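One structure, as structure tokens, below. Some questions next.
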């Protein structure tokens, strides 16, 4: 019951703000630069290592805000999934960045525990 009471205000805020919520920081310029850089590198053949966890590299890039590293890790992860025939769900670096911005906007206070932040992520 406590979880339901905790989650209901978050759901209500998501419905009310529906697309109008923005994180405190906005890296639109960095996104455009990184996207144009990734379009330039999309023509090149990317390589990957079978023993590297590219999801973790994408998460670390999202934490630091490094779009170029995140997009490179996404490309390597997608190549690894395709060439090795892995049964992994595909998601983009932009998805991770958007999720991190939403969690920061909703529960970015220092005094909130990671459990609260995980609850926001579960709702989203």
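The values are calculated or read from the model by the stated rules, or taken from the named source; none is laboratory data. In this text, all values refer to a predicted model and were calculated from it rather than measured experimentally. Every residue, glycine among them, receives a Cβ derived from its backbone with ideal geometry; neighbour counts consider all protein chains shown.
Could you list, in sequence order, all residues of the range 58-81 that are assigned to a helix (DSSP H, G or I) and out of contact with any helix residue (DSSP H, G or I) (no Cβ under 6 Å at 6 or more places or on another chain)? Show your work before the answer.
Here is the first cut: in the range 58-81, the ones assigned to a helix (DSSP H, G or I) are 58-64, 67-81.
Of everything in the range 58-81, those that are assigned to a helix (DSSP H, G or I) and out of contact with any helix residue (DSSP H, G or I) (no Cβ under 6 Å at 6 or more places or on another chain) turn out to be 59, 60, 63, 64, 72, 75, 78, 79, 80, 81.
From 18, 78, 95, grab the single residue that is modelled with pLDDT of 90 or more and more than 14 Å from the chain's Cα centre (by Cα). Can you show your working first?
Values: 18 fails: modelled with pLDDT of 90 or more; 95 fails: more than 14 Å from the chain's Cα centre (by Cα).
After ruling out the rest, the residue left standing is 78.
While we're looking at this one, here's another question. Across the range 82-98, what is the total count of residues that are out of contact with any helix residue (DSSP H, G or I) (no Cβ under 9 Å at 6 or more places or on another chain) and in a helix (DSSP H, G or I)?
The number of residues fulfilling the criteria is 5.
Is there a residue being farther than 18 Å from residue 122 by Cα and modelled with pLDDT under 90 anywhere in the range 3-15? Talk me through it step by step, then tell me what you get.
Start the filter on the range 3-15 by keeping residues that are farther than 18 Å from residue 122 by Cα, which leaves none.
No, the range 3-15 has no match at all.
Looking for whichever is under 11 Å from the mean Cα position of the chain (by Cα), assigned to a helix (DSSP H, G or I) and on the phi < 0 side of the Ramachandran plot here; the options are 117, 101. Which one fits? Don't jump to the end; show me each part of the working.
On the way: 117 fails: under 11 Å from the mean Cα position of the chain (by Cα).
So the residue among 117, 101 that is under 11 Å from the mean Cα position of the chain (by Cα), assigned to a helix (DSSP H, G or I) and on the phi < 0 side of the Ramachandran plot is 101.
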